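Heads up, the thing below is written out as structure tokens.
Only the coordinates and a few stated rules stand behind these numbers; no lab work does. Since this is a predicted model, take the numbers as computed values, not measurements. Neighbour counts run over all protein chains shown; Cβ positions are idealised from the backbone, glycine included.
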Amino acid sequence: MLSYLHDSHLRRILCLMVAITVTLCVPSQSVVAQDQPAAANQEPIENPFARRISIPDFPKGMQWLNTSKPLTKEDLKGKFVVLDFWTYCCINCIHILPELKKLEQAYPNELVVIGVHSAKFEAEKKTKNIEEAILRYEIVHPVVNDAEHRVWDMFGVRSWPTVLMIDPEGNAVWGTGGEIEFETVDEILKAGIPYYAQQKTLDRTPMKFDLLADKQDPTPLRFPGKVLADEANKRLFIADSNHNRIVVASLDGKLIDTIGSGAIGHDDGSYSKASFDHLQGMAIVGETLYIADTENHSLRKVDLKKKVVTTIAGTGVQRRGSWPGMEGVELASDLPQRFVSKPLETAINSPWALWVHKDSLYIAMAGPHQIWSMPLDESEIGPFAGNGREDIVDGPLLPPVPYQEGYSSFAQPSGLASDGKWLFVADSEGSSIRAVPFDSEQQVRTVVGTSELPHGRLFEFGDIDGTKDEVRLQHCLGVAYHDGKIYVADTYNNKVKVVDAKSGDTKTIAGTGEPGLADAPAQFDEPAGIAYAAGTLFVADTNNHLIRTIDLATGSVRRLEIQGLTALAK
């Protein structure tokens, strides 16, 4: 969870909002089913909310997305409303989107979710970028662009994500900071709906919204996230993330195969049967392809000869709480010497990128802000580096006690590459490039980034080339290594940069900084993945739904059309 630090004077109309708790006065056994009308002689139901605070209307003049018009308090009268304060870079915000979707499906007539997009990064203030995020995360509710934090300040919000519930009469009745689960809000709604139904203030008329997704044309690739170049076998593997599949092509763009049915799911088996959920990073060893199946919170393995997909780690459910090996530990004296457990019995949390070094698979585990590792024999899995605190801090790899300070910290690691001695990490929330030693006697260091700042390390970013001390990036998601250079997909700057792995000297090699789809001068739109092979960089140009190439000898940028790949139907 990210905390927003600022010095402005907040209008804290609901300054205690995050501390609001709900007291369910109605015993659970007396809760009336949501679709059951109240009997005429039914005993009065007590309001289950101990505290209600009337809320103001939304400020005027704001941009609303996924709806044909701005919404007002009057428009929402009669509905339970969940305000989701989020920003589209934030992994915790991403985690609760599926929970919100479950609520929308469970309560289509009683509940309206509204995303209040209160940006962290400069790039996230732009309406077009928020539109792309809405499409990428498949959001089906209205979103208001709170670029200047007007709604955020009005409610006294302090961190991403924060969720606030408003009752059908326009009162704030519950709120919390951090991730939520469906079951928590479901319990609150089940307690509240009977009261407002009896009061006749609950309006069950469905609300329909003008969704951005309904206006999109199909494309062969849909928000490709990561790309892997297999130079030895002249193959390119593309994480076609929003088509929930892997596209396999030759390095010159001829389609070889597709892995996955395209449906969201967690099925193993043949290429046509296997299913994924918004997969991201990949790694390859011989004819075995490893996949970070991000929103399934799983690792998958593909036998490229037999054309079979197998799950090798994760339970399919997001890990929350303790580290591996900590189950049942209550005393410090009972702490395990190593934080590991069996891969298929271990829940993991948003694996985003993969790298193989010798006999181990390394995982950029974005959810817990750590680097994890798993031997290729799949005997165990657990944290390799990072104390689990979201920050940009150098130091020893792993603490003896979870979250102990004085050890390395990461902030949503999202890309991996290596020179064989160091694992280079695109540490996105801190806009930094980190170096993790394979040798446990050495310490994590920052190649370029914010680790030297005394505070506010996650909120210092920009678009500055130069020497190590000058460099600023903006939410970089991808890295590739070749010949002493780290090539960076500087995602929110819409650029590709090159960093000297030793000195940290950095310069832009492609991209004007403005989002677009030009080759000369080159423009990108939030590139998230990058790979090197045979003198060429392959870039997953995510919001353009394309793979782009950069010839390192000439600097020329081109589109790589995947010949034979057709658009999937909506």
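Treating only the Cβ of Lys, Arg, Asp and Glu as charged (+1, +1, -1, -1), what charge dipole size does the range 34-178 show about its Cα centre? Round to the nearest 20 debye.
About 400 debye.
What is the dipole size for the chain, taken about its Cα centre, with +1 at each Lys and Arg Cβ and -1 at each Asp and Glu Cβ, in debye to the nearest 20?
Dipole magnitude for the chain comes out near 740 debye.
May I ask you to list the trypsin sites (Lys or Arg not before Pro) in the range 415-522 that are in a DSSP loop and have at most 13 other Cβ atoms within 10 Å of their Cβ?
Taking the range 415-522 and a limit of 13 other Cβ atoms within 10 Å, the loop trypsin sites (Lys or Arg not before Pro) found are Lys421, Lys502.
From the gyration tensor of the Cα coordinates in the chain, what semi-axes in whole Å does the equivalent ellipsoid have, largest first, with each one equal to sqrt(5λ)?
Semi-axes (√(5λ), whole Å): 40, 26, 25.
What net charge do the residues around Val163 carry, taking every other residue with its C-beta under 12 Å from that of Val163, with Lys and Arg at +1 and Asp and Glu at -1?
So the surrounding residues net to -4.
Is it possible to state the helix-based mean residue ellipticity at 222 nm for the chain, with each DSSP H run of 4+ residues giving -39500 (n - 2.57), the sum divided by total residues, to the nearest 500 deg cm²/dmol? What is it?
The helix-only estimate for the chain comes to -2500 deg cm²/dmol at 222 nm.
How many angstrom lie between the C-alpha centres of the range 491-522 and the range 403-475?
First find each Cα centre; the distance between them is then 18 Å.
Using the Cα centre of the range 496-570 as the reference point, and only Cβ charges (+1 on K/R, -1 on D/E), how large is the resulting charge dipole? Debye, rounded to the nearest 20.
On the way: 7 positive and 9 negative charges, 25 e Å.
Dipole of the range 496-570, to the nearest 20 debye: 120 debye.
Quick check: residue separation of Thr554 and Thr288 times 0.36 nm, minus the Cα distance between them. What number comes out in nm?
Working it through step by step, the gained length comes to 92.4 nm.
List the residues, sorted by chain then number, that are 5 or more residues from His357 or on another chain and whose placed amide H is less than 5 Å from its amide H.
Answer set, sorted by chain and number: Tyr362.
Roughly how compact is the range 257-333, stated as its Cα Rg over 2.2 N^0.38 Å to two decimals?
Working: Rg = 15.1 Å, N = 77, 2.2 N^0.38 = 11.5 Å.
That ratio works out to 1.32.
Step through the residues of the range 394-399 one at a time and calculate ³J(HN,Hα) from phi using the Karplus curve (6.51 cos²θ - 1.76 cosθ + 1.60, θ = phi - 60°), rounding each to whole Hz and writing x for Gly and Pro.
So the J values, rounded to whole Hz, are 8, x, x, 4, 9, x.
Taking amide H positions as placed 1.01 Å from N in the peptide plane, with prolines and chain starts having none, which residues 5 or more places from Gly529, or on another chain, fall under 5 Å of its amide H?
Ala540, Thr542
Around Lys101, what is the net charge, scoring Lys/Arg as +1 and Asp/Glu as -1 over all other residues with Cβ under 12 Å from its Cβ?
Neighbour charge sum, excluding Lys101 itself: -4.
Through the Karplus equation 6.51 cos²θ - 1.76 cosθ + 1.60, θ set to phi - 60°, convert the phi angles of the range 497-508 into ³J(HN,Hα) values in whole Hz; use x for Gly and Pro.
Calculated HN-Hα couplings, in order: 10, 10, 10, 5, 5, 8, 8, x, 4, 9, 8, 7 Hz.
Search the structure for amide H atoms under 5 Å from the amide H of Ile256, placed 1.01 Å from N in the peptide plane, and list their residues when 5 or more places away or on another chain.
Val248, Ala249, Ser250
Can you pull the three principal axis extents for the Cα set of the range 413-570, in Å, largest first?
Ordered largest first, the range 413-570 gives principal extents of 49, 35, 30 Å.
Taking the Cβ of Glu514 as the centre, find all other residues whose Cβ is under 15 Å away and add up their charges (Lys, Arg: +1; Asp, Glu: -1). Intermediate results must be reported in sequence, preceding the final value.
Values: positive: Lys125, Lys126, Lys128, Lys495; negative: Glu122, Glu132, Asp463, Asp490, Asp519, Asp525, Glu526, Asp541.
With Lys, Arg at +1 and Asp, Glu at -1, the net is -4.
May I ask you to order 188-194, 239-245, 260-266, 324-330 by the average number of other C-beta atoms within 10 Å around their residues, highest value first?
On the way: 188-194: 21.4, 239-245: 26.0, 260-266: 17.3, 324-330: 13.4.
My ranking of the peptides, most packed first, is 239-245, 188-194, 260-266, 324-330.
Using DSSP to call loops (not H, G, I, E or B), can you name the chymotrypsin sites (Phe, Trp or Tyr not before Pro) in the range 378-461 whose Cβ has at most 12 other Cβ atoms within 10 angstrom?
Working: sites: Phe384, Tyr403, Tyr407, Phe410, Trp422, Phe424, Phe438, Phe459, Phe461; in loops: Tyr403, Tyr407, Phe438, Phe461.
Hits after loop and neighbour filter: Tyr403.
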